[in-house]
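The values are calculated or read from the model by the stated rules, or taken from the named source; none is laboratory data. If you're wondering where the values come from, they're calculated on a predicted model, not measured in any experiment. Please note: Cβ atoms are built from the backbone with ideal geometry, for glycine as well, and neighbour counts cover all protein chains shown.
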Amino acid sequence: MAQKLDALGGRGGEEWDDGSAYDNVKKVYVGQGDSGVVYVKFDYEKDGKTVSLEHGKQTLLGTEEFELDPEDYITCVKVYYEKLIGSPTEIITALIFKTYKGKTSQPFGMTSGTESELGGGKIIGFHGSASDVIHSLGAYIAPSSTPLTPSDTVPAQGGDAGVAWDDGVHDGVKKIYVGQGDSCVTYFKAEYEKASKLVLGSDHGNKSLLGAEEFVLGPGEYVTAVSGYYDKVFGLDSPAIISLKLITNKRTSIPYGLESGTEFVLEKKDHKVVGFYGQAGDFLYKIGVKVAPISD
């Protein structure tokens with residue numbers, strides 16, 4: 001039987017309850033207003049069919065989406081809420097969704113006020129309260145039987161500018177592209193392997209006229225660490241990644257960029273890199289890794 005987690009947030013609006021009779025949550029839509037989250041919609045999966053339920057009120061700003069990969073599921077929702085001027089009770093100001101495979105959504109809203117979490121297992125349903133804003137959000141947790149390898153997250157290094165990105169968790173890394181500009185790394189992309197299939201990661205940052213250099217891994221090769229440097233460069237308000245170097249179980253790449261500034265190393269003993277995440281805009285501002293135990 002599913003476990004019902006109490007709703008986080010305020011006590012305003014009318015209560016709604018999507019129930020727990022679903023197999024999974026496949027997609028989330030979040031709409032923002034001037035001061036907080038005003039609309040949520042969930043695409044649930046039930047016996048191979050999609051059931052969509054919505055709450056709150058959309059604005060002209062529309063919605064943003066977070067779609068889950070096949071066989072992945074939400075394990076945690078970070079909920080931010082506070083009492084704002086003109087509001088008699090707390091409202092939800094931001095939501096962040098995290099999945100079992102290590103994928104994290106962007107923050108939907110402003111991460112201000114009280115921070116709390118809904119989690120503890122596979123989330124299969126939501127409940128809460130809403131009016132023309134979302135006042136509270138709770139969840140239903142079901143035991144998970146999905147045979148996935150858990151991963152750990154190594155904290156990202158660099159500056160805080162740009163937009164957060166997350167490639168999720170895979171079985172391994174097959175190829176990495178790094179593009180440089182005049183003074184820092186401007187572009188990053190990875191190709192992964194998942195269930196013996198090639199998975200193309202998204203482009204992060206922007207390629208310059210210099211293009212991108214490639215680092216291709218061979219059979220039986222895997223990334224064990226990523227080192228690099230970050231620093232404040234002229235014209236940028238935040239530090240950016242200056243250079244990256246990839247270390248595998250067989251070799252070390254050349255440094256992609258100038259080795260100056262603050263040095264960092266992303267690694268965990270007896271683990272391999274199975275995913276990347278970070279922040280990027282016109283430049284690569286921050287980078288971190290997801291790691292999994294090295295299997296014999």
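Structure summary
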item	result
Sole residue being surrounded by 15 or more Cβ atoms within 10 Å (Cβ to Cβ), out of contact with any strand residue (DSSP E or B) (no Cβ under 8 Å at 6 or more places or on another chain) and not hydrophobic (A, V, I, L, M, F, W, C), chosen from 129, 87, 136	87
Candidates 111, 186 - the one that is in contact with a Phe, Trp or Tyr (Cβ under 6 Å, 6 or more places away or on another chain) and in the same structural domain as residue 52 (by the TED database)	111
Residue identified as modelled with pLDDT under 95 and closer than 18 Å to residue 97 by Cβ among 10, 56, 36	36
Condition check for residue 243: among the polar types (S, T, N, Q) and surrounded by 21 or more Cβ atoms within 10 Å (Cβ to Cβ)	yes
Tabulated pairs, segment 176-187, first without any contact (Cβ under 8 Å) to a residue 60 or more places away in the chain, second crowded, with 24+ Cβ neighbours inside 10 Å and of a type outside the set (A, V, I, L, M, F, W, C), C-beta under 8 angstrom, 6+ apart or interchain	179/186; 179/205
Only listed residue being farther than 20 Å from residue 152 by Cα, modelled with pLDDT of 95 or more, assigned by the TED database to the domain that holds residue 253 and aliphatic (A, V, I, L, M), chosen from 217, 210, 198	217
Which numbered condition residue 112 fails, given (1) more than 20 Å from residue 2 (Cβ to Cβ); (2) assigned to a strand (DSSP E or B); (3) at pLDDT below 95	(2)
Among residues of segment 42-94, those that are outside any loop (DSSP other than H, G, I, E, B), free of Cβ contacts under 8 Å to residues at least 24 places away in the same chain and within 21 Å of the chain's Cα centre (by Cα), counted	1
Condition check for residue 190: of a type outside the set (Lys, Arg), in contact with a Lys or Arg (Cβ under 9 Å, 6 or more places away or on another chain) and modelled with pLDDT of 95 or more	yes
Condition broken by residue 218, with the remaining ones in (1) crowded, with 20+ Cβ neighbours inside 10 Å; (2) among the small types (Gly, Ala, Ser); (3) more than 23 Å from the chain's Cα centre (by Cα) satisfied	(1)
Subset of segment 235-278 that is free of Cβ contacts under 8 Å to residues at least 24 places away in the same chain and either outside the structural domain of residue 198 (by the TED database) or under 26 Å from the mean Cα position of the chain (by Cα) (or both) - its residue that is nearest to residue 215 (Cα to Cα)	245
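Table: residues versus (1) assigned by the TED database to the domain that holds residue 58; (2) modelled with pLDDT of 90 or more; (3) touching a strand residue (DSSP E or B) at 6+ places or on another chain (Cβ under 8 Å); (4) among the β-branched types (Val, Ile, Thr).
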residue: 77; (1), (2), (3), (4): yes, yes, yes, yes
residue: 81; (1), (2), (3), (4): yes, yes, yes, no
residue: 92; (1), (2), (3), (4): yes, yes, yes, yes
residue: 96; (1), (2), (3), (4): yes, yes, yes, yes
residue: 105; (1), (2), (3), (4): yes, yes, yes, no
residue: 117; (1), (2), (3), (4): yes, no, yes, no
residue: 123; (1), (2), (3), (4): yes, yes, yes, yes
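Results for (1) in a strand (DSSP E or B); (2) buried (at least 22 other Cβ atoms within 10 Å of the Cβ), shown as yes or no for each residue.
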site	(1), (2)
173	yes, yes
176	yes, yes
189	yes, no
198	yes, no
209	no, no
